[in-house]
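Taking it in order: structure first as structure tokens, then the write-up.
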Amino acid sequence: MGSPTVLEESRAIDTHAHQPTSEFLHDAGGQMMRDAADRFGADLEPDTYENMIEEYRAAGVGRAVLLGWDAETNTGNPPVPNDYVAEVRDEHSDFFIGFGSVDPLKDDCVEEAIRCVEDLDLSGFKFQQIAQGFDPSDPEHEELWATIEDLGVPVVFHGGNSTLGACSPGGRGLKIKYGNPMLIDDVAADHPDLQILIAHPAYPWEKEQLAICQQKGTSTWISRGGCRDTSTSRCCSTPSPSSRTRSCSGPTTRCSSRDRGSSSSPPSTSTRKSSGKSSGRTPRSSSNCSPSAVRGPSGSLLSECHPSTSVHRASRSGLGRPTAPPPFELRKRPSSRTRSAELQ
């Protein structure tokens, strides 16, 4: 693959960026991150946000979604706090869009989701089901999905296998079955107003992932970031840790009918969530959280991933005129209650 093509300023948005600092690399990542680095020859030396942003901008990437991380219950590792994500976003408000993370196995996950949006003004959520150790289709998590749907923000679900814990005994106890996108299908079916982005080609379930996106209309999308080493038949559906820990998540695409072609630490003492709680929330009104350039030029966006720089080349689809609306937008919608009031 050739060298990355530099894009016009603000044309590209990386929808999947992790912190280049110790908060993610060492604290939240723990031994499972070191396993991945050892297996795939990556460097876990921390870097600064200033260097990260400079490299992005040099390649023409205008914004990046900075993700929270909370897999404390399943791994015993501390989270990347949502308050920290909001602070970094505020310090670099012209570049970062902040997404929170809540641990679905914690008792306060619904309240924390509401706080992320209403108090911290975060713009969405990221879930890594393998690291967090949960099945998103389990009815236990229904209130969480209903809450996020009502808040009117998008969610990013991990798709496919994970490099975390690679080649360690028992994979550090991480279960890759939770990366099967079919577990997300129930969520998409039951919550049609919830905008879902499935991160990475969901190896080894790529066909299932494509089927879900095609069947679920305008609510489910794919981020095409990920790299395959064909010389060794190794597939990295999750971002391999790099010196900057940025994933190769490219512009998102729709799948229309024309587009076929744990660490060793002891478990956390955090209590598991109980069902049946009432949030008592007041839904937020809509506000944009990213430039309209996320739409790209007219026509569906495809991407080519360049793992060495985490930059992707966007181009017009040559697979026919798009039948779906513009790609997944990183924007808040009016909540269901706000929309109801507007109709009255």
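Does at least one position in the range 131-139 carry a residue that is farther than 27 Å from Thr163 by Cα and not small (Gly, Ala, Ser)? Yes; the residues of the range 131-139 include at least one that is farther than 27 Å from Thr163 by Cα and not small (Gly, Ala, Ser). Among the strands (runs of 3 or more DSSP E) confined to the range 155-260, the ones with at least 2 residues that are at pLDDT 50 or above and either under 21 Å from Ser123 (Cβ atoms) or aliphatic (A, V, I, L, M) (or both) are located at 155-158, 196-199, 220-223.
Is it true that Phe125 is within 15 Å of Phe157 (Cβ to Cβ), surrounded by 16 or more Cβ atoms within 10 Å (Cβ to Cβ) and either in contact with a His (Cβ under 7 Å, 6 or more places away or on another chain) or not small (Gly, Ala, Ser) (or both)?
Working: within 15 Å of Phe157 (Cβ to Cβ): yes; surrounded by 16 or more Cβ atoms within 10 Å (Cβ to Cβ): yes; either in contact with a His (Cβ under 7 Å, 6 or more places away or on another chain) or not small (Gly, Ala, Ser) (or both): yes.
Yes, satisfied.
The set of residues in the range 61-78 being in contact with a strand residue (DSSP E or B) (Cβ under 6 Å, 6 or more places away or on another chain) and not hydrophobic (A, V, I, L, M, F, W, C) consists of Arg63, Gly68.
Candidates in the range 1-45 are the residues that are touching an Asp or Glu at 6+ places or on another chain (Cβ under 9 Å), assigned to a loop (DSSP other than H, G, I, E, B) and at pLDDT 90 or above; of these, the one that is surrounded by the most Cβ atoms within 10 Å (Cβ to Cβ) is Pro20. Checking each residue in the range 46-81 for being assigned to a helix (DSSP H, G or I) and of a type in the set (S, T, N, Q) picks out Asn51, Thr73, Asn74, Thr75.
Within the range 82-122, being crowded, with 21+ Cβ neighbours inside 10 Å and part of a loop (DSSP other than H, G, I, E, B) holds for Ser101, Val102, Asp103, Pro104, Leu105, Leu122.
Applying the set (1) over 26 Å from Ala37 (Cα atoms); (2) of a type in the set (Val, Ile, Thr); (3) out of contact with any Phe, Trp or Tyr (no Cβ under 8 Å at 6 or more places or on another chain) to Ile176 leaves exactly one unmet item: (1). The residues of the range 46-62 that are of a type outside the set (A, V, I, L, M) and out of contact with any helix residue (DSSP H, G or I) (no Cβ under 8 Å at 6 or more places or on another chain), listed by number, are Asp47, Thr48, Glu50, Asn51, Glu54, Glu55, Tyr56, Arg57, Gly60.
The values are calculated or read from the model by the stated rules, or taken from the named source; none is laboratory data. These figures come from a predicted structure and were not determined experimentally. FYI the Cβ positions are ideal-geometry reconstructions off the backbone, even for glycines, and counts take in every protein chain you see.
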